[in-house]
Number of protein chains: 2
Amino acid sequence: MTIANKQIIYANTPSPAIDPSLSTGTFKLNTSSIPDHVPDNRVLVRSHYLSLDPAMRQWLTAKRSYIAPVERGSVMRGQTIGQVISVGKDMKNQFSVGDWVLAYSGWQEYAVLGAKAVQKVEIPPGCIPTDAMAVLGMTGLTAYFGMTEVGKPQPGNTVVVSGAAGATGMVAGQIAKIKGAKRVVGLAGSADKCNFLTKELGFDAAINYKDKDWKKQLKDATPEYIDVFFDNVGGEILDACLARAARDARFVICGAISQYNSAKPQGPASFMTVISQRVTMKGFIVFDYENKYPVALRDLATWLTQGKLKRKEYIIKGGLEAAPQGLVDLYGGANTGKMMVEVTPLTEAIGTSKAKL
Amino acid sequence: MTIANKQIIYANTPSPAIDPSLSTGTFKLNTSSIPDHVPDNRVLVRSHYLSLDPAMRQWLTAKRSYIAPVERGSVMRGQTIGQVISVGKDMKNQFSVGDWVLAYSGWQEYAVLGAKAVQKVEIPPGCIPTDAMAVLGMTGLTAYFGMTEVGKPQPGNTVVVSGAAGATGMVAGQIAKIKGAKRVVGLAGSADKCNFLTKELGFDAAINYKDKDWKKQLKDATPEYIDVFFDNVGGEILDACLARAARDARFVICGAISQYNSAKPQGPASFMTVISQRVTMKGFIVFDYENKYPVALRDLATWLTQGKLKRKEYIIKGGLEAAPQGLVDLYGGANTGKMMVEVTPLTEAIGTSKAKL
């Protein structure tokens, strides 16, 4: 027997923005057919949620980077949370049908994967499967290492986070508070997001960068300047924060979502402050801290179950076909929290009781 | 009795470039008269050489910086090497007539100074008084700490220095070689400067950034990318080097001479590389390493007398009046080596024999 497998293929180089049209745009829809009987050293995984991440735009650019670009004509790269639905003979010691896994499956409903591309997920009590792709996944880990290993907020410090209502930013800001920062300020793109940051996540202040006077608000919100800046946005926001850098400030360069779709990227014009205030700007990639994942995940799960760290998901319905538009909306700032595409509803999950999810 | 004292006064804010005219420009000439009998807690210093430094443009801007701006109407700030010609009663235990001193005298022929503004200079065997303002002064120390404390070249590393024929750059590149860098590449603004770097200072390659194909030359000269970039220039050069950054590169942000006179400073557009290659960019100010000056000066003097470190001076004749044009020429890249203005020729020095100088 075979299974019909919906896939999203990377078809055309963005120029420079992603075009979400599935007929003429960056991606196209394909339906392949895969046998339900998997080879001995493989598992068959059914995707439930696909993660949409700001880094994806970079994966479509054939530039020297931390990861090879996606090749045109192949399934778009992406991480999903899903369930094992069939296990090859040699994999039975590691996997069982119904296991929840984090899979480098790409943008498709089903994937036949070897041991390296699939990772069994332990769902800690009080946690849910999608946590493994959010707070307890790449975004949470990125926030954790960026803040604890690069930013290193000290008690008394002022910490500013850009893209603060995004998946990584919201965790980064909360970790800064947990680590004893005196003042955590978030930058986000709407009044609702700002409310969410201060009312629900405990940020000390939040600034809507779409307000005309946002730079003045930033100044007022950082009376003792900025000791740590956790940047997901780049461009003008990085520039404004650089102008507010405190002596010996640490600038964590995590992302630059404002620049990914730009044909002419813009560097920080207030660069002179790097010298006068002895600023350290450091880029990092979460994979470099792999040997420390276990400790980080233990901390994150503890904070999550203690309620010190709050999760927020932004789930896109409509199946895989909705993913390209979702990605465009991600760059447009539509989401508060972790953006995911529901590929297969949890109601169709096998084995696990719905109540537990 | 009184002494006629020629001074250069900071008169008008540059807009944005320095105007060297002494009648209508940034500075004006003044002659004050000072008594040759100094107060008990002061010394009278006669300047011989005035240091001209890229940082000077920043001192004329009323922006938050590492040092307060110079006030209009006051003597322009600057460091000189000179001789003590009169000593107040309470200073006689520290100073004698004829002592060579490094003085925060400003742009003037004579200065009455307290103990904090004047520092007796020991001239190591084989060294000359002006060394105290160059290789054994701020520029040498800046190169030393920028390279050893921030850049930290490792054996096998490729090191690139911009403004490499300038006072700091030429020392920075030589230190990189001394510290075992595999390949040291200089960026400078003329074929003569490039020749000087490779033929006289032992740089492995030098690139004239005024050549049309300088970016290609930079690529060819850094086949293993750039591990350490010591930047004195900023702007387009920083940008091109960022695009060539190796994984975990250290970018020493020492200066940005290309931007000091710019009304619209330009940030590095290749900023994404900071993330993908995990680059650390760090600004620094030499004063922060003050407690390590003795060790640094011992190293620098040793290398200098051993011939491992070569000095190069660029001395402007014509007295103090020539200083404003000299400063403009400094930003124009006229000098190879340390730029100084001869305020009083060494032939007029007291006590010390000319042969020794």
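Residues in the range A:223-238 that are crowded, with 20+ Cβ neighbours inside 10 Å and not aromatic (F, W, Y): A:I226, A:D227, A:V228, A:D231, A:N232, A:V233, A:G234, A:G235, A:I237, A:L238.
Taking (1) part of a loop (DSSP other than H, G, I, E, B); (2) more than 14 Å from chain B (Cβ to nearest Cβ); (3) free of Cβ contacts under 8 Å to residues at least 24 places away in the same chain in turn, A:K28 satisfies each apart from (1).
Evaluating A:N12 against the criteria (1) of a type outside the set (D, E); (2) within 26 Å of A:G337 (Cα to Cα); (3) out of contact with any Lys or Arg (no Cβ under 6 Å at 6 or more places or on another chain); (4) away from every other protein chain (no Cβ under 14 Å) leaves one unmet condition, (2). Just the residues that are assigned to a loop (DSSP other than H, G, I, E, B) and either farther than 15 Å from A:V160 by Cβ or outside the structural domain of A:A181 (by TED's automatic domain parsing) (or both), please, taken from the range A:247-256. A:A256, the sole residue that qualifies.
If you check A:V185 against the conditions, is it aliphatic (A, V, I, L, M), crowded, with 24+ Cβ neighbours inside 10 Å and in a helix (DSSP H, G or I)? Against the criterion (aliphatic (A, V, I, L, M), crowded, with 24+ Cβ neighbours inside 10 Å and in a helix (DSSP H, G or I)), A:V185 does not qualify. Checking each residue in the range A:216-246 for being β-branched (V, I, T) and either modelled with pLDDT under 95 or not in a strand (DSSP E or B) (or both) picks out A:T222, A:V233, A:I237.
Of everything listed in (1) of a type in the set (F, W, Y); (2) more than 30 Å from A:V121 (Cα to Cα); (3) more than 9 Å from chain B (Cβ to nearest Cβ), the single unmet condition for A:F230 is (2). The requirement of being within 11 Å of another protein chain (Cβ to nearest Cβ) and under 29 Å from A:M56 (Cβ atoms) is satisfied by A:V252.
Only residues that are part of a strand (DSSP E or B) and not β-branched (V, I, T): list them for the range B:199-215, please. Lay out the reasoning, then the answer.
Filtering the range B:199-215 for residues part of a strand (DSSP E or B) gives B:205-208.
Selection gives B:A205, B:A206, B:N208.
Condition check ((1) surrounded by fewer than 23 Cβ atoms within 10 Å (Cβ to Cβ); (2) in contact (Cβ under 8 Å) with a residue 12 or more places away in the chain; (3) assigned to a strand (DSSP E or B)) across all residues:
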{"residue": "B:V84", "(1), (2), (3)": "no, yes, yes"}
{"residue": "B:F95", "(1), (2), (3)": "yes, yes, no"}
{"residue": "B:L102", "(1), (2), (3)": "yes, yes, yes"}
{"residue": "B:A132", "(1), (2), (3)": "no, yes, no"}
{"residue": "B:G140", "(1), (2), (3)": "no, yes, no"}
{"residue": "B:G156", "(1), (2), (3)": "yes, yes, no"}
{"residue": "B:V160", "(1), (2), (3)": "no, yes, yes"}
{"residue": "B:I175", "(1), (2), (3)": "no, yes, no"}
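Evaluated against (1) within 18 Å of A:A165 (Cα to Cα); (2) in a helix (DSSP H, G or I); (3) within 10 Å of chain B (Cβ to nearest Cβ), A:F196 falls short on exactly one condition, (3). Checked against (1) more than 19 Å from A:A181 (Cβ to Cβ); (2) crowded, with 22+ Cβ neighbours inside 10 Å, A:C241 meets all criteria but (1). Using the structure shown, decide if B:A176 is within 20 Å of B:E224 (Cα to Cα), at pLDDT 95 or above and touching a helix residue (DSSP H, G or I) at 6+ places or on another chain (Cβ under 7 Å). Spelling it out, B:A176 is indeed within 20 Å of B:E224 (Cα to Cα), at pLDDT 95 or above and touching a helix residue (DSSP H, G or I) at 6+ places or on another chain (Cβ under 7 Å). Within the range A:48-61, is even one residue more than 14 Å from chain B (Cβ to nearest Cβ), touching a His at 6+ places or on another chain (Cβ under 8 Å), among the hydroxyl-bearing types (S, T, Y) and not in a loop (DSSP other than H, G, I, E, B)? The answer is no; no qualifying residue exists. Only one of the numbered conditions (1) crowded, with 17+ Cβ neighbours inside 10 Å; (2) assigned by TED's automatic domain parsing to the domain that holds A:D220; (3) modelled with pLDDT under 95 is not met by A:G333, and that is (2). Quick check on my filter: what residues within the range B:256-276 are touching a residue at least 40 places away in the same chain (Cβ under 8 Å) and crowded, with 22+ Cβ neighbours inside 10 Å? Within the range B:256-276, B:I257, B:Y260 qualify. Put simply, of B:D231, B:D227 the only residue that is under 26 Å from B:I285 (Cβ atoms), touching a residue at least 60 places away in the same chain (Cβ under 8 Å), touching a Leu at 6+ places or on another chain (Cβ under 9 Å) and in the same structural domain as B:A245 (by TED's automatic domain parsing) is B:D231. Of the listed requirements (1) of a type in the set (D, E); (2) in contact (Cβ under 8 Å) with a residue 60 or more places away in the chain; (3) in contact with a helix residue (DSSP H, G or I) (Cβ under 8 Å, 6 or more places away or on another chain), A:E71 misses just one: (3). If only residues of the range A:6-52 that are farther than 18 Å from A:G82 by Cα and touching a helix residue (DSSP H, G or I) at 6+ places or on another chain (Cβ under 6 Å) are counted, the one that is surrounded by the most Cβ atoms within 10 Å (Cβ to Cβ) is A:F27.
Every residue, every condition in (1) modelled with pLDDT of 95 or more; (2) out of contact with any Gly (no Cβ under 8 Å at 6 or more places or on another chain), yes or no:
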| residue | (1), (2) |
| --- | --- |
| B:V38 | no, no |
| B:A62 | no, yes |
| B:G98 | no, no |
| B:G126 | no, yes |
| B:T142 | yes, yes |
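Of the strands (runs of 3 or more DSSP E) lying entirely inside the range B:257-357, the ones with 1 or more residues being farther than 30 Å from A:A249 by Cα, more than 14 Å from chain A (Cβ to nearest Cβ) and touching a Leu at 6+ places or on another chain (Cβ under 6 Å) are found at B:338-342. Answer yes or no as to whether B:T305 is surrounded by fewer than 18 Cβ atoms within 10 Å (Cβ to Cβ) and closer than 21 Å to B:F145 by Cβ. Answer is yes for this residue.
The rows are residues; the columns are (1) outside the structural domain of A:G82 (by TED's automatic domain parsing); (2) farther than 18 Å from A:I257 by Cβ; (3) in contact with a strand residue (DSSP E or B) (Cβ under 6 Å, 6 or more places away or on another chain).
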| site | (1), (2), (3) |
| --- | --- |
| A:Y144 | yes, yes, no |
| A:P155 | yes, yes, no |
| A:G186 | yes, no, yes |
| A:K193 | yes, no, no |
| A:K215 | yes, yes, no |
| A:K219 | yes, yes, no |
| A:G235 | yes, no, no |
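Taken together, B:K210, B:K182 contain a single residue that is within 19 Å of B:T148 (Cα to Cα), basic (K, R) and away from every other protein chain (no Cβ under 11 Å), which is B:K182.
A single entry from B:L136, B:L201, B:L197 fulfils the requirement of being farther than 18 Å from B:D239 by Cβ and either modelled with pLDDT under 95 or within 17 Å of the chain's Cα centre (by Cα) (or both): B:L136. In the set B:G98, B:G78, only one residue is of a type outside the set (A, V, I, L, M) and either over 25 Å from the mean Cα position of the chain (by Cα) or within 14 Å of chain A (Cβ to nearest Cβ) (or both); that residue is B:G98.
The values are calculated or read from the model by the stated rules, or taken from the named source; none is laboratory data. None of the values given here were measured: they were computed from a predicted structure. Neighbour counts are summed over all protein chains in view; Cβ atoms, including those assigned to glycine, are modelled from backbone coordinates with ideal geometry.
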